[in-house]
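Chemist: What follows is a single structure, and I will ask about it in a moment.
Throughout, read-outs are computed from the coordinates displayed, never taken from laboratory work. Being a predicted model, the structure only gives us computed values, none of them experimental. Backbone-built Cβ (ideal geometry, glycine too); neighbour counts: all protein chains shown.
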Amino acid sequence: MQLVRYDAAKQAIAEYRTVDEVKDFRDKALAIEAYAKQANDYELERDAAVARVRAERRCGELLAEMDKAKGGRPIENRSHDSTGFVAETKTLSDLGITKDQSSKWQRLAAVPEAEFEAAVSQPGIKPSTHHILTPKEDPPPRMDAVALWFWGRLLDMERNNLFSRSAESLISEMTEAMQQDAHRLLPKLRSWLL
């Protein structure tokens, strides 16, 4: 059932020929996404997000193909359609699209198909235009937990002015059992440090 809905939405978006149609579909998907979030229906929210992102990509394709409106020059804002009819070229404002949205959606349309499909089909992740357009950074290398602990102890020793005192003066403040452990472990520490 879900695959049927997914394919139907994908097909519908691909068949739209005007920015107005796709933008209307996108706005409805956005509303469903918001409703699903409030209803705690993650599956519906994710499906609506996928439909919205697909619509934004299709908007970007159509925007890239459109004649650009030349603000303030009505004579130059006319174009001929396939029937020879003269029509005014719509501005982004007429379409209810911001310059930022237009830019992002056109960049989204330029994402290679395989990369786009991989991004929207990642399980457990709600796709977004920002998520797809943001370059993926390699995670920082994992640090060895023992090395991190050792570094922390060195900083603790410095913070507590340990290096200004002698080891023997510190050992003399310990209980007898602690002193035995210190005398047993200090030679190991010395040989490890050298």
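Chemist: Under a crude label model (7 Å from the Cα following the beta-carbon direction), how far is Arg17 from Leu185 in nanometres?
Modeler: Placing both labels 7 Å beyond Cα along the Cβ direction yields 8.0 nm.
Chemist: Which peptide among 153-165, 133-145, 32-44 comes first, and what is the full order, when sorted by highest mean count of other Cβ atoms within 10 Å?
Modeler: In descending order of packing, they fall as 32-44, 153-165, 133-145.
Chemist: Just to confirm a number: summing +1 for Lys and Arg and -1 for Asp and Glu over residues other than Arg165 whose beta-carbon lies under 13 angstrom from that of Arg165, what do you get?
Modeler: -3
Chemist: Report the calculated FRET efficiency for Lys99 and Glu43 (r = Cβ-Cβ distance, R0 = 41 Å), to the nearest 0.05.
Modeler: The formula returns an efficiency of 0.75 here.
Chemist: Within 9 Å, Cβ to Cβ, of Thr129, how many net charges do the neighbouring residues add up to if Lys/Arg are +1 and Asp/Glu are -1? Don't skip to the end; give the middle numbers.
Modeler: Working: positive: Arg52, Arg57, Lys104, Arg107; negative: Glu56.
Residues near Thr129 contribute +3 overall.
Chemist: I'd like the Karplus ³J(HN,Hα) series for the stretch 96-106: coefficients 6.51, -1.76, 1.60, θ = phi - 60°, whole numbers in Hz, and an x wherever there's a Gly or Pro.
Modeler: x, 10, 7, 4, 5, 4, 4, 4, 5, 5, 5
Chemist: Taking the Cα centroid of the stretch 135-191 and of the stretch 28-50, what is the distance between the two, rounded to the nearest whole Å?
Modeler: 52 Å
Chemist: Among the aspartates and glutamates, select those whose C-alpha is under 19 Å from the C-alpha of Lys90, and discard any that sit fewer than 8 residues away in the same chain.
Modeler: Asp20, Glu21, Asp24, Asp27, Glu56, Glu61, Glu65, Asp67, Glu76, Asp81, Asp100
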